Every structure is written in C-alpha cells, then in structure tokens.
Amino acid sequence: MSRHDHGHADETERTFAALPPTRGRAFAVTWWGRAWLRALEDAALDAEQVKTGRRLARAGAVGAVSVRPGRITAVVQDRDGTGHRADVLLEELSAEQWNRFLEMAVERAGHVAALLDREMPPHLVEDAAAAGIELLPGMGDLEPECDCGAWDQCGHTAALCYQTARLLDEDPFVLLLMRGRGERALLDGLQDRTNRPAEEPVEPEGLDAAEVWAAGDILPPLPDPPGLPEHPGLPPSLDTEAPPALGVDPAALEFLAARTAVAAHRMLAQALRPTAAPEAELTVAQDAVRLAAGSPEEAVADRLADGSGRGRDELASAVRAWQYGGAAGLSVLEEEWAVQGETLARARAALEAAWDDDERPTLRARGNRWTVVGAPSQLRLGDDGRWWPYRKEHGRWAPAGSGVQDPATALAAAEQPAAEEA
C-alpha cells in the first residue's frame, strides 16, 4: 500500500496521505487489523452505517489520516462531495501501564524484534493483557465524534476506522501511538531499561520461626496474599548432564511447563478481575491444540498430533483456527450444524445487507456454511453469530481469519491469497 507518513520525527503526530479507491481488497489482512475492525463492528448500533463507512472507504472518500495519542482524525467526503471532520477516540494508557508494558517487553526480546519488523505477535498482546494492559481496543472502546451530528458511529467515523485498519496492517506502532507512545519514545524507554544496572538483592523480611511458635495464638492476622506477578514464571532448565529416566522427554517436559506457566498466569489475571467469568474447561483434544499453538519443537508437535487424534496437517489447520479464535474458532472448524428458525432469518438478513446488488456473490448454503459458487472461498456461521472466513487450500477448507459480525468483511479476508496473511 503506497502512503506517505509525515510528522514521524516529533512522535506526537503522524499523518498518512489519503489512499486511492480500492475494490475487492480486505481492509485488514493482519490479525490485529481485524481485531480493530471487530471493535468497530461489534459495538455499532446501526449496521447500515458500518456498511456505508466501508463503501466510503473503498471509494477513496477518506482524506489524510492524522494519528495522535488518544485520537485519529480525517475529513471524509459524502457521495455529494460534502466533507465532514471525523474523529475516533481511544483511551491512552497511563504512565504506570506504560512502565509495566516496557518492563514486560524488555524481558522478552522477541516482542521488540517483532514490533521492529512491523508485526504484533499474539503472545505480546496476551502477555500485556495478563499484566493488565489492553493494547487492542475492545467492544465500545472506539468513541466516535463527527460534525455531521451523529451520536453513535456514523458512516464517516466508520470509514475512518476502516482506513485506519489498513494503516495498522503496515505498522502496529500506529496503534501504540494512539495508546500514547510514539515509536522513538517507546524504543528509548526500552533502551533505558536494558542499560539499567542490576539492583542489589534485598534480604526478604520475615520472623524468627522459634518466636512465631512461642507466640502461639496471639499472632496478628496473615498478610494479604501477593498480587498478580508481572510475568509468568520461567520453569527451570532440564538441560543437565544426567540422562533422563526411561520414557521422559526433557524437551516436551520443558515446553509443557512453560505453556502451563503462561496459562496459569492468564487464569489468575482473569480470576482477579472483578467481573471475571470462569473459562470453560477444555477437552483433551482442545488442550492439545492450545499447546501446539505455542510453537513446540517438531518431536513435541508429533506427540500432540497423535494425542489429539489428528494428523500433522489436521493439527496445523486446528492451530490456525485456535490462533484466530481460541475454542470458538476451533468449534467452527470442526462442527457443522443446521441453521434454523430465527438464527437462519438473521443470517439471511446479514447476507442481504452486506453487499450492494451489483457486488453480492452467489452463495451455496449447507448447514452453517455458505460457499461462494465458482470460487475457493467460504463463510461459516458460528453459534455466537460471527462469520468466519475460510479458503480452500490444497483441496481442504482452511481458516483464513477471525470471526466478525459483517459477512462482507469476512469474505474479503477469505479472498486474500494465503501468502498475504501475516
């Protein structure tokens, strides 16, 4: 995508030149760009305004996009040429949250390397969330403002969001600037922490065991339990000179311990949230896919494939589904069900509203799957009402993106060549 980025040096504002009209291209190819669009589509009260915004963005009606901490701005033209200033606000991270993010990132060099390659790995977002830092916007986090007078998302602010998704695809630092820090400031903060001298160990405070025993039942109450650690613990290395016991695979054991620590940290973070809902317990087959998504060594991956009852190709497809949507994404991959009654009526209405008459593809329905006639693209309806993109690769249907509310957005993701995916 051709663009010019101005104001990068001062870090307080970046301006991206207007993009030309486009047809037949997904506005978000990367998983984080699609997450941005989900925040728009899930919260919009009027799906027709979202559709209008997508049409305006595709027609090239969005002018230069200005990105600043907490806000993006552009002038969007209606079909009659009338221009409207559209703003979308996103809450900035606090100084304390940024400190936590930098401490987390400096301990995981891979996160920094990925950002410098203009990528945002899922583990970075997961680790940040476990530390109480939400990088990507969720439902209701994108606050619209437009001089057209609309009080909710209008076509102009929706168009700005769609155009911003294309910018995020190229450079996740755009999102971090919206959250309050530019690229230079972020890298300087990481450098400062990297060069910081190691602190002297501090002797832990405590009580003499004999004195505690002698005090009997007059002891003060126990202190409050410790808070959430900033990062998951690192299991000890099993690379020793002693040979392993018969039947013990050290590499598999190290991998399992590391992934268990990450899962335990995430579960504790969720449990400490006031409104936390318990996670559904995974089946053995689902948990094998979750572990395989952690990029194990080949031998470990083979064992996970055997343990989950899948071949290597089937496991790879299941891992993609998991990365796009966790247990929900895996369910869409593996389960086919009959769409009936009110659910079918809503699905047909969504498909009818998603495209203009001259753009609507011909779809063949079977169960919860709608296949594009004459094309290797498919939409699958999840039981939560989301549409999931699939494309045919090497003779089988493979996940091509996360679930979204809008079928047109999902189908555009399915139509992207596999090589273009992040």
Exercise. Within region 384-422, which residues are open to solvent by 70 Å² or more (accessible area, probe 1.4 Å), more than 13 Å from L333 (Cβ to Cβ) and either outside any loop (DSSP other than H, G, I, E, B) or modelled with pLDDT of 90 or more (or both)?
Worked result: K392, A419, E420
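Return yes when A215 is open to solvent by less than 70 Å² (accessible area, probe 1.4 Å), more than 26 Å from G33 (Cα to Cα), in a helix (DSSP H, G or I) and modelled with pLDDT under 90 and no when it is not. Reasoning before the result, please.
Values: open to solvent by less than 70 Å² (accessible area, probe 1.4 Å): yes; more than 26 Å from G33 (Cα to Cα): yes; in a helix (DSSP H, G or I): yes; modelled with pLDDT under 90: yes.
So A215 passes the test.
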Seminar exercise, completed: When (1) in contact (Cβ under 8 Å) with a residue 12 or more places away in the chain; (2) over 21 Å from A414 (Cβ atoms) are applied to E298, the one that fails is (1)
Problem set entry | H111 being in a strand (DSSP E or B) and not aliphatic (A, V, I, L, M) | no
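Each row is one residue, and each column tells you yes or no for (1) surrounded by 15 or more Cβ atoms within 10 Å (Cβ to Cβ); (2) modelled with pLDDT of 90 or more.
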site: A17; (1), (2): no, yes
site: L45; (1), (2): no, no
site: G53; (1), (2): yes, yes
site: A64; (1), (2): yes, yes
site: P69; (1), (2): yes, yes
site: T73; (1), (2): yes, yes
Exercise. Residue check, R380 against (1) open to solvent by less than 50 Å² (accessible area, probe 1.4 Å); (2) assigned to a helix (DSSP H, G or I); (3) among the charged types (D, E, K, R), all met but one. Which one?
Worked result: (2)
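Give the residue, chosen from E336, E281, that is among the charged types (D, E, K, R), under 25 Å from the mean Cα position of the chain (by Cα) and not in a helix (DSSP H, G or I). Steps first, answer last, please.
Values: E336 fails: under 25 Å from the mean Cα position of the chain (by Cα).
Sole residue among the options that is among the charged types (D, E, K, R), under 25 Å from the mean Cα position of the chain (by Cα) and not in a helix (DSSP H, G or I): E281.
With respect to L256, determine if the residue is of a type outside the set (F, W, Y), at pLDDT 75 or above and either open to solvent by less than 40 Å² (accessible area, probe 1.4 Å) or more than 17 Å from A301 (Cβ to Cβ) (or both). Explain how you work it out, then say what you get.
Values: of a type outside the set (F, W, Y): yes; at pLDDT 75 or above: yes; either open to solvent by less than 40 Å² (accessible area, probe 1.4 Å) or more than 17 Å from A301 (Cβ to Cβ) (or both): no.
Spelling it out, it is not the case that L256 is of a type outside the set (F, W, Y), at pLDDT 75 or above and either open to solvent by less than 40 Å² (accessible area, probe 1.4 Å) or more than 17 Å from A301 (Cβ to Cβ) (or both).
Kindly evaluate W337 against the criterion of being open to solvent by less than 50 Å² (accessible area, probe 1.4 Å) and aromatic (F, W, Y). Let's see the steps before the verdict.
Working: open to solvent by less than 50 Å² (accessible area, probe 1.4 Å): no; aromatic (F, W, Y): yes.
So W337 does not fit the description; no.
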Problem set entry | Qualifying position, being of a type in the set (D, E, K, R) and modelled with pLDDT of 90 or more, among D147, D152 | D147
For this session: Name, by its number, the condition in (1) in a strand (DSSP E or B); (2) within 17 Å of R181 (Cα to Cα) that does not hold for N99.
Result: (1)
Problem set entry | Lone unmet requirement of (1) more than 26 Å from P407 (Cα to Cα); (2) open to solvent by 60 Å² or more (accessible area, probe 1.4 Å); (3) at pLDDT 90 or above for Q77 | (1)
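Based on this model, can you work out whether A9 counts as part of a loop (DSSP other than H, G, I, E, B), over 12 Å from T164 (Cβ atoms) and modelled with pLDDT of 90 or more?
Working: part of a loop (DSSP other than H, G, I, E, B): yes; over 12 Å from T164 (Cβ atoms): yes; modelled with pLDDT of 90 or more: no.
So A9 fails the test.
If I ask for residues that are open to solvent by less than 10 Å² (accessible area, probe 1.4 Å) and of a type in the set (A, V, I, L, M), which ones from region 153-187 would you list? Walk me through how you get there before you give the answer.
So in region 153-187, the residues open to solvent by less than 10 Å² (accessible area, probe 1.4 Å) come out as 154-155, 157-165, 167-168, 171-178, 182, 186.
Once the filter is applied, which keeps residues that are open to solvent by less than 10 Å² (accessible area, probe 1.4 Å) and of a type in the set (A, V, I, L, M), region 153-187 yields A158, A159, L160, A165, L167, L168, V174, L175, L176, L177, M178, L186.
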For this session: Could you tell me which residue of region 345-370 is surrounded by the fewest Cβ atoms within 10 Å (Cβ to Cβ), considering only residues that are in contact with an Asp or Glu (Cβ under 7 Å, 6 or more places away or on another chain) and assigned to a loop (DSSP other than H, G, I, E, B)?
Result: G367
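Would you confirm, using the coordinates I've provided, whether D127 is part of a loop (DSSP other than H, G, I, E, B), open to solvent by less than 60 Å² (accessible area, probe 1.4 Å) and either without any contact (Cβ under 8 Å) to a residue 12 or more places away in the chain or of a type in the set (D, E) (or both)? Steps first, please.
On the way: part of a loop (DSSP other than H, G, I, E, B): no; open to solvent by less than 60 Å² (accessible area, probe 1.4 Å): yes; either without any contact (Cβ under 8 Å) to a residue 12 or more places away in the chain or of a type in the set (D, E) (or both): yes.
So D127 does not fit the description; no.
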Seminar exercise, completed: Among A105, A150, the single one that is outside any strand (DSSP E or B), of a type outside the set (V, I, T) and open to solvent by less than 10 Å² (accessible area, probe 1.4 Å) is A105
For this session: Restricting attention to region 300-322, report how many residues are open to solvent by 60 Å² or more (accessible area, probe 1.4 Å) and outside any helix (DSSP H, G or I).
Result: 1
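The values are calculated or read from the model by the stated rules, or taken from the named source; none is laboratory data. What you see is a predicted model; the values in this text were computed from it and never measured. Positions of Cβ are generated from backbone atoms using ideal geometry, with glycine treated the same way; all protein chains shown enter the neighbour counts. What goes into the accessible areas is simple: the full protein's heavy atoms, side chains included, and nothing from ligands, DNA or RNA. Shrake-Rupley method; radii C 1.70, N 1.55, O 1.52, S 1.80 Å.
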